[in-house]
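Heads up: the structure comes next, in structure tokens.
The values are calculated or read from the model by the stated rules, or taken from the named source; none is laboratory data. Quantities reported herein were computed from a predicted structural model and do not represent experimental measurements. Here the Cβ is made from the backbone with ideal geometry for all residues, glycine too, and neighbour counts use every protein chain on show.
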Amino acid sequence: MPLDAILRSQHAWANVQWPAHTDRRAPSLDANLILPMSPDVRDQYKNGSGDELGTPQRPGKMYSLRSSSALAYNLFAPWIGHDLRPLAAALGSQRNDDTLQFERKFPHGLTLTKRGLPATPPNLDVTLDNSQPRPLAVECKFTEPYGAKKPHPPLDQKYFDGGRARWAELGLVRCQALAESLGQGVEFKRLGVGQLLKHILGLAWTTKQPPRLVCLWFDSNCVEAHEHADELNRFSEYLDDAIEFRAVSYQQAFASLQNAPEPMPGYLEYLAARYFAA
């Protein structure tokens with residue numbers, strides 16, 4: 001299922017929900033979500049850096065049928081207030097508390113950009129175990145790995161200004177080597193390794209603990225998906241042993257959750273119809 005097939009699948013689902021609607025965005029934010037946002041979750045997205053909600057005059061990214069944030073919300077949000085053990089298990093990990101947060105920021109030690117502006121700390125799509133020394137961070141991808149891609153460029157020089165070895169200073173020597181060689185001796189095309197390295201830096205700098213990070217991605221079982229999976233495996237081989245990194249597909253997580261009690265009526269049916277019908 002390459003990119004155009006994924007998009008056709010989302011539009012087919014939308015045509016059932018809103019027969020007269022033809023736009024690539026949902027008619028409203030709530031229409032694109034499995035359940036309306038609580039005020040607390042809305043604030044979490046507002047405080048994020050991704051412009052997911054937009055403004056009344058300009059819909060945000062989360063209105064899009066292909067939004068990775070909408071997919072993440074639809075999988076995770078119904079679990080808020082519930083026992084998160086089934087959800088953590090679906091991610092190949094375990095939960096130590098029942099906290100779940102969207103768009104949590106993890107400062108990475110950079111205070112200014114080269115233009116003198118405040119540096120934007122990494123945002124993690126979802127975090128569990130937020131009251132623990134080592135939160136479980138989840139980076140979520142939907143259609144991002146698909147379509148025509150060029151090799152990712154090197155990391156911005158600001159991460160190395162002043163001769164700093166920011167990852168190595170936190171004990172992540174192998175991550176430092178990857179950061180320095182990314183886009184030069186080492187190339188990735190479908191996997192956003194630069195973003196993942198920034199997340200690792202933010203997690204390690206904020207918590208002073210080896211990061212726990214899951215890359216949750218949509219496996220469409222096509223050539224491009226296999227290339228992305230290969231890059232995830234290659235990325236994991238570059239990481240320091242202390243890092244707990246897992247790559248989990250949405251399909252794997254969904255299969256695991258089918259063996260658990262639903263957090264709300266219709267949860268599995270909604271996800272199956274919208275994302276996993278094929």
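Quick one: which helices (runs of 4 or more DSSP H) lie wholly within the range 1-110 and hold at least 2 residues that are in contact (Cβ under 8 Å) with a residue 12 or more places away in the chain and in contact with a His (Cβ under 6 Å, 6 or more places away or on another chain)?
Details: elements: 3-17, 39-46, 68-76, 85-90.
It comes to none.
Looking at the range 129-144, which of the residues that are within 19 Å of the chain's Cα centre (by Cα) and in a loop (DSSP other than H, G, I, E, B) is surrounded by the most Cβ atoms within 10 Å (Cβ to Cβ)?
So the residue we want is Pro135.
Is it true that some residue in the range 227-247 is over 19 Å from Leu182 (Cα atoms), touching a residue at least 40 places away in the same chain (Cβ under 8 Å), out of contact with any His (no Cβ under 8 Å at 6 or more places or on another chain) and basic (Lys, Arg)?
Yes, the conditions are met somewhere in the range 227-247.
Can you tell me which residue among Gly147, Gly163 is exposed (fewer than 15 other Cβ atoms within 10 Å of the Cβ) and touching a helix residue (DSSP H, G or I) at 6+ places or on another chain (Cβ under 8 Å)?
Unique residue meeting the criteria: Gly147.
Residues Ser131, Ser181: which one is small (Gly, Ala, Ser), out of contact with any Leu (no Cβ under 9 Å at 6 or more places or on another chain), free of Cβ contacts under 8 Å to residues at least 60 places away in the same chain and closer than 23 Å to Gln209 by Cα?
Ser131
For Ala20, are the conditions met, namely being at pLDDT below 95, among the hydrophobic types (A, V, I, L, M, F, W, C) and more than 21 Å from Asp219 (Cα to Cα)?
yes
Of the conditions (1) aromatic (Phe, Trp, Tyr); (2) out of contact with any Asp or Glu (no Cβ under 6 Å at 6 or more places or on another chain); (3) buried (at least 16 other Cβ atoms within 10 Å of the Cβ), Tyr45 satisfies every one except a single condition; which number is it?
In the conditions (1) aromatic (Phe, Trp, Tyr); (2) out of contact with any Asp or Glu (no Cβ under 6 Å at 6 or more places or on another chain); (3) buried (at least 16 other Cβ atoms within 10 Å of the Cβ), Tyr45 misses (2) alone.
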